[in-house]
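In what follows, a structure is listed as structure tokens, so that the remarks can point back to it.
The values are calculated or read from the model by the stated rules, or taken from the named source; none is laboratory data. Bear in mind the structure is a predicted one, so any value in this text is a computation, not a measurement. Every residue, glycine as well, gets a Cβ built from its backbone with ideal geometry; the counts of neighbours run over all protein chains shown.
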Amino acid sequence: MRPFNRTTRRARLDAPGVAERAPGLEQPASASEAAATRDLVAAAVPVALAVGAYGLSYGVLAVAAGLSPAVATLSSIIVLAGGSQFAFVGVLALGGNPFAGAVSGLLLNVRYVAFGLAIARALPGGSLGRRAMDSYLIVDESVALALGKAGPMPRDPAARQQWSGEVVRRFRVVGWSVVSAWILTTAAGAYGGRLIADPQVLGLDAAFPAGFLALLAPWLRTPRGRTAAAIGVALALGLTPFAPPGVPIIAASLGGVIALWVPVRAEHGEATT
């Protein structure tokens, strides 16, 4: 029998197919993927729960404002924009014209143009169906969490490809989590609203704003994010004394657009303007 020495061991490891089966060689990659999956789930679940509480509240309030449970649920499937849906229901609850409520909702949804432009840098082209499905997932939470976690887009092509893959994966997982939670809880609130107490008493109306503030936290670590926040706060506070309700909040969203044109110090690879 030939003795097993270091030369023999090296020859066996160099043989085709042996290196791939060597124990421990694939563990770092698997461990890294598992850790990334855990982080993604840990980020998506709390957001989906917050959106679910908000959707439950919307379902109850929509039926109380005069919508049927079926129409309330259908609005969450088709419109899929909590702010505009609440604006529409609020106008109906006050006895206003449905057309005025629809206009209020459209004004609130203008922000999705900016969200679409922001996430489009990372999304792959693909078929028309794939692009349509990705566009359906463009909501506040999916875009904010995907881009906020990944940070600014790097300049290096290889790093940019990796960045895009991370953004797309996070965007789709969080997007489907949020969409599913919003639609299902809207239906639960609409059809079972009589069994639920006043959403404001339960604090459900505060769940979504609190969750959205948590999503914005990563952006405040960057100079451009702090600039956008400061401009938005200034616009909202300046318009509150004399502008109609809701207008200051809409105007505050312009802070992000204005911040794109304000020169800031480069940070983590972010280019200055």
#### Entry: Only listed residue being part of a helix (DSSP H, G or I), out of contact with any strand residue (DSSP E or B) (no Cβ under 9 Å at 6 or more places or on another chain) and modelled with pLDDT of 85 or more, chosen from 170, 160
170
### Positions within the range 46-85 being free of Cβ contacts under 8 Å to residues at least 60 places away in the same chain, in a loop (DSSP other than H, G, I, E, B) and under 21 Å from the mean Cα position of the chain (by Cα), in sequence order
79, 81
### Task
Just name the residue that is modelled with the highest pLDDT out of those in the range 210-267 that are part of a loop (DSSP other than H, G, I, E, B) and under 30 Å from residue 52 (Cβ atoms).
222
### Task
Could you please tell me which pairs satisfy a Cβ distance under 8 Å, a separation of 6+ or placement on different chains, a first residue in the range 109-120 that is closer than 15 Å to residue 148 by Cα, and a second residue that is assigned to a helix (DSSP H, G or I) and of a type in the set (Phe, Trp, Tyr)?
119/171
### Task
Might you check whether a residue that is surrounded by 19 or more Cβ atoms within 10 Å (Cβ to Cβ), closer than 18 Å to residue 192 by Cα and hydrophobic (A, V, I, L, M, F, W, C) occurs anywhere in the range 43-53?
yes
